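The values are calculated or read from the model by the stated rules, or taken from the named source; none is laboratory data. The structure displayed is predicted, hence computed values, not measured ones. In this analysis, Cβ positions are derived from the backbone assuming ideal geometry, glycine residues included, and neighbour counts consider all displayed protein chains. Side chains are part of the model used for accessible areas, which takes the heavy atoms of the whole protein and leaves out ligands, DNA and RNA. Shrake-Rupley method; radii C 1.70, N 1.55, O 1.52, S 1.80 Å.
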Amino acid sequence: MSRIGKKPIAILKGVKVEVKNGKIIVAGPKGQLEETLRGNITIKTEGESVTVERGDENKQTRALHGLYRALINNMVQGVSQGYTRKLEITGVGYKAELKQNWLVMSLGYSHPIFFRPPEGVKIETPQPTNVVVSGIDKQLVGAVAAKIRSFKKPEPYKGKGIKYEGENIRRKEGKTAGK
């Protein structure tokens, strides 16, 4: 039995969970998310909790059991509190700013990089060297943050580039002079 899959999901105040036509719909104060169910998985709502159960012991069904429990938990957290991912930009002249819903970044290339966030994701730049990605869909927020980071990954010698807040970059020692 899946250790994660058998845990009940607590429904927070103001969140509504319902299953319709093979889809689970979670609505809350910040918005609404839905996920298509596949496999032999059933969702039961009892009062203030949701449980995920599997109909058989197939390998595919066992794998989906814990996955759907985690996805539903992320949906409940997202529509009630939301998710944020913070990025830090390090390097001389490296900066980011918001212009008409576009994120414009100067990252040492010969041209600026323009990035438009997808629907449902909000990007803020409280400082020119900080970018905050927020939204209700945990997967989408993480994917957008990873996409922004991929424009200039931190390099190991000086640490220049875009990194997640709190990420530790392993530094390398530079070349030394010959004998």
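Numbers below:
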{"read-out": "Those residues of the range 39-67 which are at pLDDT 85 or above and under 15 Å from Glu18 (Cβ atoms), in sequence order", "value": "Thr42, Ile43, Lys44, Thr45, Glu46, Glu48, Ser49, Val50, Thr51, Val52"}
{"read-out": "Ser110 being out of contact with any His (no Cβ under 6 Å at 6 or more places or on another chain), of a type in the set (Ser, Thr, Tyr) and under 19 Å from Val79 (Cα atoms)", "value": "no"}
{"read-out": "Matching residues, the range 128-144, being closer than 20 Å to Gly108 by Cβ and open to solvent by less than 50 Å² (accessible area, probe 1.4 Å)", "value": "Asn130, Val131"}
{"read-out": "The lone exception for Gly142 - which of (1) closer than 29 Å to Gln32 by Cα; (2) more than 20 Å from the chain's Cα centre (by Cα) it fails", "value": "(2)"}
{"read-out": "Within the range 102-147, tally of residues that are within 30 Å of Lys175 (Cα to Cα) and in contact with a Lys or Arg (Cβ under 9 Å, 6 or more places away or on another chain)", "value": "5"}
{"read-out": "Of all residues in the range 115-127 being touching a strand residue (DSSP E or B) at 6+ places or on another chain (Cβ under 7 Å) and open to solvent by 80 Å² or more (accessible area, probe 1.4 Å), the one that is farthest from Glu34 (Cα to Cα)", "value": "Pro126"}
{"read-out": "Where Gly108 falls short, out of the listed (1) out of contact with any Gly (no Cβ under 9 Å at 6 or more places or on another chain); (2) at positive phi", "value": "(1)"}
